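The values are calculated or read from the model by the stated rules, or taken from the named source; none is laboratory data. Computed from a prediction, not measured in an experiment: that's the story for all the values here. Please note: Cβ atoms are built from the backbone with ideal geometry, for glycine as well, and neighbour counts cover all protein chains shown.
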Amino acid sequence: MNPSLMAQLDDFTRGLVPLGITFVLVLVETLPLPMPGMGAVAPALSLIALYHWAIYRPDLMPAIGVFAVGALLDVVTGASLGVNTLVLLIVYAMALSQRRFLLDKPFSLIWAGFVLTAVFAGLLYWVILSLLNNALLNPTRLIVQLGITVAIFPAVSWLLARLQQAVVRDAQT
Amino acid sequence: MRVKDSAGSLLRLTTPLRVWSQRFAFFLLIIAAIGMIVLNRADTAFLERFRTSVVDTVTPALEAFSQPVDAIGNLGDGIRNVTALLEENERLRAEVAALRRWREEAQALKSQNETFRALLNYVPDAPTRFVSARVIADSGSAFVRSVVVNGGANNGIRKGQAAVNGDGLVGRVADVGERSARLLLITDLNSRIPVLLERTRDRAILAGDNSIKPRLVYLPSHLPIAVGDRVVTSGHGGIFPPGIPVGKVSSVRRSSDGEITGATVKPFVNWNRLELVRVLQHEPSGMVERPPDAQAAEQSQ
């Protein structure tokens, strides 16, 4: 077989990893955890993954992919279809616009950027769902969920970076 | 930038085009997302099919992922159980003794009941069959109380059926795919269950509000209810079988002249350990039918 074709195929497959791992994280996020009260406040892993890829490899996380991730999240969590989709698309655009500023900065600044992103995403989510339900929803669980998400961000981001080095970046050598 | 420079030649060529199309596509996608929210409000059959087929597709993955999580949970339980074995044994002995007394009483009441039923030519309730299914996904959202189970239309699960576990009522089937179904838990904001206060036989609606203690609404205002009263399904509306235990009244608020202004119920179900549920195949009698024009529209598709 043509080796350059093989290489292209290899690149292509490796390029699918960011999107693929984000899809997997959506499913992991919704697993029924055997821990008291964790179900409703499980960390938003897909949000972390989305922020990570928007900053480090936006070329491998196209907007249509974000749309698909959001729609899957909506369907699997049983939320109103479109809500997570809209929130993730807006968050993705935000992260993308700050990408050049954040890219070479120390990790603490990237983490701080994620805190702002997560707070904004949570606020947007709360406003949309409150509007849809015609009621001010109690945000306690959402705040706890965001707190856990922010706390777990370094660990997940580290894993994603290892994955990126091991699989995705190798594609260009 | 290193990452970008090292990108393959094919990638580099297509990058400007890709950026341009991404910007354009982005706004289309935002509009599409808003469109989905609006369409979802209308609750169209098309979106429902889309939702159920997507959940069906990811069901094998969810099942595979949830098994090790279950196993870890069971392992933790196992370790805890071994340490508490003696104490547990003692407690169970006492419980068995108490339950024996109840069994005697129940048998006496059962035979008495049968005699009365024979005297009255009572129409017996049809025995309820059920399907057991495992919870494979929890809602990962702070504002939704629902779970996905690994059984669907192929197993005889239908929309509207009640889901229970050993403790009591869990919720009702909201969406059904071929091999998966979504249960709307009784604590969800959109859940409304016709219930009965077992002691006073008064009807009410149990309305979820996303908290762990749903509210009782449409209660007669001077009802003598008290904290600790049992709440069961009433069977009104014909969707749920009557008499499924739901929970206990956990708080009652009254105004100064004794009128009830609010009451909450603590469900029997332990939401933290929801692993297996039974979906009751109760034949809905007098269930709300879809309007004929909606049925016709579905058939013509």
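Each residue in the stretch A:121-146 was checked for being assigned to a helix (DSSP H, G or I) and surrounded by 14 or more Cβ atoms within 10 Å (Cβ to Cβ), and 17 of them qualify.
Considering the stretch B:19-40, and only residues there that are modelled with pLDDT under 80 and more than 7 Å from every other protein chain (Cβ to nearest Cβ), the residue that is nearest to the chain's Cα centre (by Cα) turns out to be B:R23. Here are some residues: B:V232, B:V265. Which one is modelled with pLDDT of 90 or more, surrounded by fewer than 20 Cβ atoms within 10 Å (Cβ to Cβ), more than 13 Å from the chain's Cα centre (by Cα) and aliphatic (A, V, I, L, M)? That would be B:V232, the only listed residue that is modelled with pLDDT of 90 or more, surrounded by fewer than 20 Cβ atoms within 10 Å (Cβ to Cβ), more than 13 Å from the chain's Cα centre (by Cα) and aliphatic (A, V, I, L, M).
Yes or no, residue by residue, for (1) over 12 Å from the mean Cα position of the chain (by Cα); (2) surrounded by fewer than 23 Cβ atoms within 10 Å (Cβ to Cβ):
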| site | (1), (2) |
| --- | --- |
| B:R134 | yes, yes |
| B:R182 | no, no |
| B:S191 | no, yes |
| B:L196 | yes, yes |
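From the list B:L206, B:L184, which one is of a type in the set (A, V, I, L, M), at pLDDT 90 or above and within 21 Å of B:R273 (Cα to Cα)? None of the others qualify; the one that does is B:L184.
Rundown of residues vs (1) at the interface with chain B (Cβ under 10 Å from one of its Cβ atoms); (2) touching a Cys at 6+ places or on another chain (Cβ under 6 Å); (3) of a type in the set (D, E, K, R), yes/no style:
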| residue | (1), (2), (3) |
| --- | --- |
| A:V83 | yes, no, no |
| A:A93 | yes, no, no |
| A:F101 | no, no, no |
| A:K105 | no, no, yes |
| A:L109 | no, no, no |
| A:L137 | yes, no, no |
| A:T140 | yes, no, no |
| A:L160 | no, no, no |
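When the residues of the stretch B:167-179 are filtered to those that are in a loop (DSSP other than H, G, I, E, B) and more than 12 Å from the chain's Cα centre (by Cα), the one that is nearest to the other protein chains (Cβ to nearest Cβ) is B:G177.
Going through (1) touching a residue at least 40 places away in the same chain (Cβ under 8 Å); (2) of a type outside the set (F, W, Y); (3) more than 30 Å from A:I143 (Cβ to Cβ) one by one, B:V96 falls short only on (1). Here the stretch A:60-69 is the region considered, the condition is being at the interface with chain B (Cβ under 7 Å from one of its Cβ atoms) and within 13 Å of the chain's Cα centre (by Cα), and the residue that is nearest to B:F50 (Cα to Cα) is A:F67. One residue alone among B:V252, B:V227 is touching a residue at least 24 places away in the same chain (Cβ under 8 Å), surrounded by 17 or more Cβ atoms within 10 Å (Cβ to Cβ) and in the same structural domain as B:V147 (by TED's automatic domain parsing), and that residue is B:V252. Residue check: is B:S111 over 25 Å from B:P214 (Cβ atoms) and either exposed (fewer than 12 other Cβ atoms within 10 Å of the Cβ) or in the same structural domain as B:K266 (by TED's automatic domain parsing) (or both)? Yes: the conditions hold for B:S111.
Return the pairs, sorted by first residue and then second, in which the second residue is charged (D, E, K, R) and not in a loop (DSSP other than H, G, I, E, B), the first residue lies in the stretch B:180-193 and is in contact (Cβ under 8 Å) with a residue 12 or more places away in the chain, the beta carbons are less than 7 Å apart, and the residues are 6+ apart or on different chains. Close Cβ pairs (under 7 Å, with a partner that is charged (D, E, K, R) and not in a loop (DSSP other than H, G, I, E, B)) amount to B:S180/B:D56; B:A181/B:D175; B:R182/B:D175; B:L183/B:R172; B:L184/B:R172. Quickly run through the stretch B:222-280 and pick out the residues that are within 14 Å of another protein chain (Cβ to nearest Cβ), in a loop (DSSP other than H, G, I, E, B) and not hydrophobic (A, V, I, L, M, F, W, C). Scanning the stretch B:222-280 gives B:N270, B:E275.
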